[in-house]
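The values are calculated or read from the model by the stated rules, or taken from the named source; none is laboratory data. Everything quoted here is computed from the prediction, not taken from an experiment. Reconstructed Cβ throughout: ideal geometry from the backbone, glycine too, with neighbour counts over all protein chains shown.
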Amino acid sequence: MHRLRTTVARLRPLAATQTVQNVPQVGSSSALRGSLRTFQLVRRHNTSVTAEPFLNGTSSNYVEEMYNTWLEDPNNVHKSWDVFFRNVNAGVPPGGAYQSPPPLSGPSQGLTGVQHQVGAGQNLEKLVKDHLAVQSLIRAYQVRGHHIAKLDPLEISCVDFDDAPCTIGLQNVGFYGLAESDLDKVFRLPTTTFIGGSESTLPLREIIQRLEMSYCQHIGVEFMFINDLEQCQWIRHKFETPGVMHFSLEEKRTLLARMIRSTRFEDFLQRKFSSEKRFGLEGCESLIPALKTIIDKSSQSGVESVIMGMPHRGRLNVLANVIRKDLEQIFCQFESKLEAADEGSGDVKYHLGMYHKRMNHASKRDITMSLMANPSHLEAVDPVVQGKTKAEQFYCGDTEGKKVMSILLHGDAAFAGQGIVYETFHLSDLPSYTTHGTIHVVVNNQIGFTTDPRMARSSPYPTDVARVVNAPIFHVNADDPEAVMYVCGVAAEWRNTFHKDVVVDLVCYRRNGHNEMDEPMFTQPLMYKQVKKQKGVLQKFAEKLITDGVVTAQEYEEEVARYDKICEEAYARSKDEKILHIKHWLDSPWPGFFTLEGQPKSMSCPSTGISEEELSHIGNIAASVPVEDFTIHGGLTRILKGRADMLSQRVCDWALSEYMAFGSLLKDRIHIRLSGQDVERGTFSHRHHVLHDQNVDKRICIPMNYISPDQAPYTVCNSSLSEYGVLGFELGFAMASPNALVLWEAQFGDFNNTAQCIIDQFISSGQAKWVRHNGIVLLLPHGMEGMGPEHSSARPERFLQMCNDDPDVFPKLTEDVAVRQLYDCNWIIVNCSTPANYFHVLRRQILLPFRKPLIVFTPKSLLRHPEARSSFDDMLPGTAFKRVIPDDGPVASSPEKVRRVIFCSGKIYYELIRERKNRGMDDAVAVVRIEQLSPFPFDLVKAETERFLKADLVWCQEEHKNQGYYDYVKPRLHTTIHSTRHLWYAGRDPAAAPATGNKHTHVTELQRLLDTALDLEAFSRND
């Protein structure tokens, strides 16, 4: 024992960073010479046996057993063995891995003993190196096996790995220090592989063959970048376990039937509508069984609702064979004489969506599927799908994503090229945006429109962007339906196990060009020569199953004929359709909100005012901290005191009016969700809806959730630094229910321009194209404050240009004209100048009997302007949003004396009345605010012009003449006054940029436009 203690005490120390996890773990290798007798002297797992006695004449079996024991757990062997094996792995020269310490007494070790020790060290080093080499080889397959997998059906793959040399395969064992003679040696398998199944040892040749079967056939797996051991082990088990990809006869027959439907549907459309674009699925027919497998597996795991988004390629096939839309509804879309019965312009058939609830035959459970309508703008639908998925999870209390999930389909070129893909991925794990895992399916055509991948992306695969969130990527040859089916089953299990994103890359080809009318031979002649030689995947799969005896040729032909008959009968029925009902294509129905005919239940809006008691109650919540022992910032204490002071004076500023509107709706059980960059505090430090404890990290309080015991929840969340992705997400969230107020606030108004695609393609035109009502609210800070061109304008001219109200038509004056105008418009645009009007417009958004997008140009300097305050009297029952605010000052008593009427909108009003007062012109100039710009309040503006018949009419704005509101209001004002009076302009001159970056120039420009607006002789001199 004394000698043992001395040995342990004098072992050389190891580097602290050398861990077992970093040591490649392999099985046994070549024998070491020695006596078998020594092996019999010890027991396995005997941690008291030191390495020293066995260095001379050590049994190979014993060292092998001891090494394997150490691999399983270093604590199972004596520390001296642990140190020895670690030193060998660290590259310590032969004989140095273990040095016997000199005894306390007796002669020192002789030369003979040293020579024996060195020889044993050399043999042992070879053993360890061989084991490490095999472990490195296994890891190489796990990391790079997909490099040589047979993924491309055309066998012309252009995936570029920078010409890196191949280091895997039987012919490359020398790279790891192994020789051909080692191929038949038996090695113990490490715990980081499952290729052995129930076997713990295998010959090297068999190890390589099994790795080839797991990683280098028709499936390529990218996962070793994931830094979670459990997840990596899960994936290894799914792909390495021998015989894991096994299907029953029934499963194979089902797969064949799905392939028949997918293929014959495209063939039928080609026969019947050969001159029509349809963006067919030819070349990737396995997409249909892929999606159905994902849905089946997910339904069996408890998923009740699936929301999908996809590009146009294959959409009609997905609608027919996955969503199961009536075929006659699809076929009638090709009829050129079909008349549109519903409102709106409609959209092309391969942009439309669908909502359908049906029984899933695999799980015997009902499942709801929604395919979102979307434009041609690639990948734009991605965040919209995620937002709608999040909303459905929220409303059904699905906090883990077990009931509602999303599937996103992508094209390869768009997946790599569109930045919105990256933005959407980065929402995937954020608390207020996560949908708990999305399954991404990439239809990898290996080409864009006409652009080769080498010209379209810098990464080897189009899917590399998914690595940013550690999503596993499963590449699969789409011409192998069984491999596709297996991979999609694994993807569904991954999502339902780990609730994280996963990517399935279907490597396929386009049999036609970009569409059926396109000629791909112009630009890809070699590829399409190969495509023309390619046998269809259905034919290949059917021949395989017939050869294997799964089905007979007759059974196959009967199944084909059966589906062809279904298509023919549906085609005949489609001829009876004379009218296109676009409502059959709704992707987000709101049951009970509209009448059965899809019309609002009324054309009136109740008063948006609330009682003073309710105002005071909500105000008190806004001015307090409803949590005990909660320490807030000193500056916030002053803000809350300021709110309390306003309550005592019965007034509110912008932030408090927003609080009143939100709080009153929450009390009525209307869910409110406000998101955007820095919205919790507010970019301009005015909101403070989330309070932070100054002494306890991450402890927060949201007073808005303390208004009433049975109120709806309030969600306020800072977003990622994204506009495109986040606005799309909030739009999707607003689609799920009409009984929620969903708002997105831009950090500065002009930041909306990076979300222009969502605004143009979904928000302004969504109802016209897809009969999709949406009540989303955009809060866009706007105002010329001398802060430079990028922080001034929310670009109102762009929003106004997209309004659909006719500038030349004065609306028919009826009792419900205000609400009727709102119903007929595509969206509502306001620039409120008072907190009360902001309060009312937010509440009106919910109290209206229909939903329209609302664009609000919100203030910056007015947030704290002493005159931009509203009395409680303007928010009580009976009050409502004012589309136009007349001048009720001195001009109201003597309208005949007024010489000029200035129409304006927003912040410029306060600068005009200040300048008017300074000049003593309060009774000569009327300033009228147009608060609702679209739909234009023709009736109220007409009343103002008739009130001041002798006055000049001037439109004044702080924006440049080619920007702002002028081009929009000018023709509408002319229609209002019937061209009997002239309309003058007072504002900045046309310019390329929204504002100057020079403060002095800004002030000079402002004073000049105020001088013009208030100089009563200015325009007469110009006549």
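Numbers for the structure displayed
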{"item": "Which numbered condition residue 481 misses (of (1) at positive phi; (2) crowded, with 19+ Cβ neighbours inside 10 Å)", "result": "(1)"}
{"item": "Selected residue (only one of 402, 388 is surrounded by fewer than 24 Cβ atoms within 10 Å (Cβ to Cβ) and out of contact with any His (no Cβ under 7 Å at 6 or more places or on another chain))", "result": "402"}
{"item": "Close pairs (7 angstrom Cβ cut-off, 6 or more residues apart or separate chains): in the same structural domain as residue 986 (by TED's automatic domain parsing) in the range 893-909, surrounded by 22 or more Cβ atoms within 10 Å (Cβ to Cβ) and of a type in the set (Lys, Arg) anywhere", "result": "904/929; 905/929; 909/929"}
{"item": "The range 598-644, subset in a loop (DSSP other than H, G, I, E, B) and of a type in the set (Asp, Glu), residue surrounded by the most Cβ atoms within 10 Å (Cβ to Cβ)", "result": "629"}
{"item": "Counted residues, the range 229-280 - those being more than 32 Å from the chain's Cα centre (by Cα) and among the aromatic types (Phe, Trp, Tyr)", "result": "3"}
{"item": "Candidate set from the range 923-943 (those that are surrounded by fewer than 22 Cβ atoms within 10 Å (Cβ to Cβ) and of a type in the set (Asp, Glu)); member that is nearest to residue 811 (Cα to Cα)", "result": "939"}
{"item": "Lone unmet requirement of (1) without any contact (Cβ under 8 Å) to a residue 40 or more places away in the chain; (2) not in a helix (DSSP H, G or I) for residue 529", "result": "(2)"}
{"item": "Flag for residue 490 being out of contact with any Lys or Arg (no Cβ under 6 Å at 6 or more places or on another chain), aliphatic (A, V, I, L, M) and assigned by TED's automatic domain parsing to the domain that holds residue 305", "result": "no"}
{"item": "Long-range neighbours under 8 Å by Cβ, at least six apart or interchain, first residue within 22 Å of residue 896 (Cβ to Cβ) within the range 923-945, second polar (S, T, N, Q) and modelled with pLDDT under 95", "result": "923/894; 941/976; 942/976; 945/976"}
{"item": "Search result, residues across the range 976-1000 that are surrounded by fewer than 19 Cβ atoms within 10 Å (Cβ to Cβ) and either without any contact (Cβ under 8 Å) to a residue 12 or more places away in the chain or not in a loop (DSSP other than H, G, I, E, B) (or both)", "result": "977, 978, 979, 980, 984, 985, 992, 998, 999, 1000"}
{"item": "Residue 952 vs. criteria in contact with a His (Cβ under 9 Å, 6 or more places away or on another chain) and closer than 24 Å to residue 885 by Cβ", "result": "yes"}
{"item": "Selection within the range 755-772 - under 28 Å from residue 687 (Cβ atoms) and crowded, with 20+ Cβ neighbours inside 10 Å", "result": "755, 758, 759, 762, 763, 764"}
{"item": "Test result for residue 685, touching a residue at least 40 places away in the same chain (Cβ under 8 Å) and surrounded by fewer than 18 Cβ atoms within 10 Å (Cβ to Cβ)", "result": "no"}
{"item": "Subset tally (residues that are outside any strand (DSSP E or B) and among the aromatic types (Phe, Trp, Tyr)) for the range 847-870", "result": "1"}
{"item": "Test: residue in the range 200-220 that is surrounded by 15 or more Cβ atoms within 10 Å (Cβ to Cβ) and within 28 Å of the chain's Cα centre (by Cα)", "result": "yes"}
{"item": "Residue ID - surrounded by the fewest Cβ atoms within 10 Å (Cβ to Cβ), chosen from residues in the range 853-879 that are in contact with a helix residue (DSSP H, G or I) (Cβ under 6 Å, 6 or more places away or on another chain) and under 28 Å from residue 594 (Cβ atoms)", "result": "854"}
{"item": "Residue in the range 62-93 that is surrounded by the fewest Cβ atoms within 10 Å (Cβ to Cβ), counting only those that are at pLDDT 70 or above and not in a helix (DSSP H, G or I)", "result": "73"}
{"item": "In the range 663-677, the residues that are at pLDDT 95 or above and within 27 Å of the chain's Cα centre (by Cα)", "result": "670, 671, 672, 673, 674, 675, 676"}
{"item": "Those residues of the range 884-897 which are β-branched (Val, Ile, Thr) and at pLDDT 95 or above, in sequence order", "result": "884, 885"}
{"item": "Tabulated pairs, the range 202-214, first over 22 Å from residue 486 (Cβ atoms) and in the same structural domain as residue 185 (by TED's automatic domain parsing), second among the charged types (D, E, K, R) and in a helix (DSSP H, G or I), C-beta under 6 angstrom, 6+ apart or interchain", "result": "204/182"}
{"item": "Condition met for residue 841 (surrounded by 19 or more Cβ atoms within 10 Å (Cβ to Cβ), part of a helix (DSSP H, G or I) and not assigned by TED's automatic domain parsing to the domain that holds residue 975)", "result": "yes"}
{"item": "Odd one out for residue 363 among (1) buried (at least 22 other Cβ atoms within 10 Å of the Cβ); (2) in contact with an Asp or Glu (Cβ under 8 Å, 6 or more places away or on another chain)", "result": "(1)"}
{"item": "Any chance residue 236 is over 20 Å from residue 505 (Cβ atoms) and of a type in the set (Lys, Arg)", "result": "no"}
{"item": "Options 813, 800: the member that is modelled with pLDDT of 95 or more and farther than 24 Å from residue 733 by Cβ", "result": "800"}
{"item": "First in the range 418-445 and in contact (Cβ under 8 Å) with a residue 60 or more places away in the chain and surrounded by fewer than 22 Cβ atoms within 10 Å (Cβ to Cβ), second anywhere and assigned to a strand (DSSP E or B) and among the hydroxyl-bearing types (Ser, Thr, Tyr), Cβ under 7 Å, 6 or more apart", "result": "428/438; 432/675; 432/715"}
{"item": "Scope the range 871-887; condition in contact with a strand residue (DSSP E or B) (Cβ under 6 Å, 6 or more places away or on another chain) and either part of a strand (DSSP E or B) or on the phi > 0 side of the Ramachandran plot (or both); matching residues", "result": "871, 884, 885"}
{"item": "All positions within the range 944-975 that are touching a Pro at 6+ places or on another chain (Cβ under 9 Å), over 25 Å from residue 857 (Cα atoms) and outside any helix (DSSP H, G or I)", "result": "948, 949, 950, 951"}
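Table: residues versus (1) under 24 Å from residue 701 (Cβ atoms); (2) of a type in the set (D, E, K, R).
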| position | (1), (2) |
| --- | --- |
| 569 | no, yes |
| 584 | no, no |
| 609 | no, no |
| 636 | yes, no |
| 645 | yes, yes |
